Amino acid sequence: MNKTKKSQDLFEQAQKIMPGGVNSPVRAFKNVNSSPIFIKSAKGPYLYDVDDNQYVDFIGSWGPMILGHSNPRIIKAVEEQLQLGTSYGAPTEGESKMGQLITSVMPSIEMMRMVNSGTEATMSCIRLARGVTGKDKIIKFTGCYHGHVDSLLIKAGSGVSTFGLPDSPGIPKDLAQHTVTVPFNDIDAFENTYKSIKDDLAAVIIEPIAGNMGFIPGEIEFLKILREATSACGAVLIFDEVMTGFRVSLGGAQEIYGIQPDLTALGKVIGGGLPVGAFGGKREIMEQLAPSGPVYQAGTLSGNPLAVAAGTCLIQRLIELNPFEELELNAKFLLNGIKEVMIQKGIPFVSNQIGGMFGFFFAEQQPRNFEDVVETNDKNFEQFFKQSLDQGIYFAPSKFEAGFISTKHSESVLINVLSKIQAL
Ligand SMILES: *Cc1c(COP(=O)(O)O)cnc(C)c1O
């Protein structure tokens with residue numbers, strides 16, 4: 001019996017109208033040699049597909065569903081706004097309120113601007129950093145993903161500080177050459193690169209806790225050195241907290257490490273499931289943005305009232321509940337349970353979690369950077385992913401992605417998941 005027939009049929013149709021059948025590449029399940037399931041609805045910790053299968057969802061829309069799917073408060077907030085209009089192209093009170101909520105828990109953000117995606121947020125941070133410093137070079141770290149921004153779709157070759165080669169056709173070499181890539185968590189490599197380009201350096205951008213090469217926390221000494229080095233040469237330190245913001249703790253990774261970046265990019269959770277991004281930071285930098293300054297940035301739907309209603313409602317609730325310790329304990333419970341199963345099978349398995357984000361690798365040792373992740377076992381991952389999905393457990397379809405847990409993933413839900421994994 002084929003229990004995902006309707007999904008497969010829909011995927012056939014989708015491939016005719018959309019490249020690869022999807023609107024964002026990871027969704028296609030290509031990494032795991034599989035085809036995607038099509039979702040019909042979602043509630044609490046569960047997704048339901050078009051064939052009426054139920055899945056325990058450990059992706060949570062890549063972060064936003066931190067209170068579970070179809071949260072009644074968020075639905076109500078959006079419904080109320082819906083009656084008042086969906087977009088005005090003019091300022092609303094809600095935008096400042098949402099900004100105040102964000103700055104109240106992320107003090108490095110003195111001023112902010114809203115956009116519609118994480119990509120727009122990081123792109124605008126880069127432009128602003130270049131605009132205020134008058135310099136062009138950027139340092140990024142291999143395996144960190146910052147959206148599909150031209151300047152940031154660059155990874156290193158095998159050298160310590162390979163000068164940018166575009167990751168994708170369509171990115172001019174002239175632009176790529178200004179992005180220099182360094183291995184994550186590698187202080188020596190960073191310092192060498194830094195020395196050679198610090199006079200031309202506009203910004204260093206990093207995911208302080210990386211969630212796009214699996215889940216790999218930055219090491220504190222490493223992050224401190226980035227802070228010192230950028231301050232010393234007048235470059236802008238950008239924390240890309242699109243994934244970690246309101247996910248690893250209320251104040252994001254910057255609160256956990258006690259390091260204040262100059263600019264922060266946000267997205268995912270802050271939209272409560274609607275398309276939102278934001279970026280902000282030091283007042284003197286943010287005031288360089290148009291219309292108060294010369295660096296141009298704009299958006300027809302930026303600060304959209306529906307998105308602001310959803311995002312504000314979610315952030316308010318997170319401030320009330322502060323669920324991050326509980327989320328971390330639950331993630332740990334899940335991962336320890338999986339680890340026991342893997343030990344019994346003699347399969348090397350390591351895992352890690354902070355707040356509502358987690359990751360696991362089929363490896364003997366916790367990877368410290370992208371190069372380590374590449375070495376982890378693909379076959380074991382693929383098999384575990386497929387068998388879990390078949391049992392109604394939906395993990396991210398790539399070893400280069402993180403996992404997400406919500407407040408609706410109760411102990412009983414997790415015990416049920418573990419009993420299925422034990423039976424794999
Ligand atoms: C998802 C993500 C982005 C891009 O956000 P989009 O909304 O997909 O454009 C940027 N940075 C990080 C760290 C992300 O996880």
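Select from the stretch 102-116 the residues that are surrounded by 18 or more Cβ atoms within 10 Å (Cβ to Cβ) and not in a strand (DSSP E or B) and write down the one among them that is nearest to the ligand (Cβ to nearest atom). Give the steps one after another, and end with the answer.
Of the residues in the stretch 102-116, the ones surrounded by 18 or more Cβ atoms within 10 Å (Cβ to Cβ) are 102, 105-106, 108-109, 112-116.
Checking the rest, the ones that are also not in a strand (DSSP E or B) come to 102, 105-106, 108-109, 116.
Values: I102: 16, V105: 19, M106: 15, S108: 17, I109: 16, N116: 8 Å.
Residue satisfying both the conditions and the ranking: N116.
Among the residues of the stretch 266-275, the ones that are in contact with a Pro (Cβ under 9 Å, 6 or more places away or on another chain) and more than 15 Å from L101 (Cα to Cα) come to 3 in all. Which of the residues belonging to the stretch 115-150 are in contact with a helix residue (DSSP H, G or I) (Cβ under 7 Å, 6 or more places away or on another chain) and among the β-branched types (V, I, T)? Once the filter is applied, which keeps residues that are in contact with a helix residue (DSSP H, G or I) (Cβ under 7 Å, 6 or more places away or on another chain) and among the β-branched types (V, I, T), the stretch 115-150 yields V115, T122, I126, V132, I138, I139, T142, V149. For the stretch 117-158, a tally of residues being open to solvent by less than 10 Å² (accessible area, probe 1.4 Å), closer than 9 Å to A202 by Cα and among the small types (G, A, S) returns 1. Pick from the stretch 185-225 the residues that are touching a Pro at 6+ places or on another chain (Cβ under 9 Å) and assigned to a helix (DSSP H, G or I): which of them is farthest from the ligand (Cβ to nearest atom)? My answer is A189. Looking only at residues in the stretch 129-176 that are assigned to a helix (DSSP H, G or I) and within 16 Å of the ligand (Cβ to nearest atom), which one is modelled with the highest pLDDT? Per the stated criteria, the residue is A129. Quick one: would you say S231 is in the same structural domain as G143 (by TED's automatic domain parsing) and either within 13 Å of the ligand (Cβ to nearest atom) or touching an Asp or Glu at 6+ places or on another chain (Cβ under 6 Å) (or both)? So S231 does not fit the description; no. Entry remark, the stretch 228-249: residues being assigned to a loop (DSSP other than H, G, I, E, B) and crowded, with 19+ Cβ neighbours inside 10 Å number 8 in total. Identify all residues within the stretch 261-295 that are in contact with a Gly (Cβ under 9 Å, 6 or more places away or on another chain), in a loop (DSSP other than H, G, I, E, B) and away from the ligand (no atom under 16 Å from the Cβ); write none if there are none. If the condition is that a residue be in contact with a Gly (Cβ under 9 Å, 6 or more places away or on another chain), in a loop (DSSP other than H, G, I, E, B) and away from the ligand (no atom under 16 Å from the Cβ), then D262, E287, Q288, G293, P294 are the ones that fit. Pairs are defined by a Cβ separation below 8 Å, a sequence spacing of at least 6 or placement on different chains, a first member in the stretch 82-100 that is assigned by TED's automatic domain parsing to the domain that holds R283, and a second member that is assigned to a loop (DSSP other than H, G, I, E, B) and open to solvent by 100 Å² or more (accessible area, probe 1.4 Å); the pairs so defined are G89/T300. Tell me, please, whether a residue that is touching a helix residue (DSSP H, G or I) at 6+ places or on another chain (Cβ under 8 Å), closer than 15 Å to I270 by Cβ and open to solvent by 70 Å² or more (accessible area, probe 1.4 Å) can be found in the stretch 92-100. Checked against the condition, which is being touching a helix residue (DSSP H, G or I) at 6+ places or on another chain (Cβ under 8 Å), closer than 15 Å to I270 by Cβ and open to solvent by 70 Å² or more (accessible area, probe 1.4 Å), the stretch 92-100 yields at least one hit.
The values are calculated or read from the model by the stated rules, or taken from the named source; none is laboratory data. Everything numeric in this text was worked out from a predicted model, so none of it was measured. Heads up, the Cβs are rebuilt from the backbone with ideal geometry, glycines too, and the neighbour counts pull from every protein chain shown. Just so you know, the surface numbers come from the protein's heavy atoms only, side chains and all, with ligands and any DNA or RNA stripped out. Shrake-Rupley method; radii C 1.70, N 1.55, O 1.52, S 1.80 Å.
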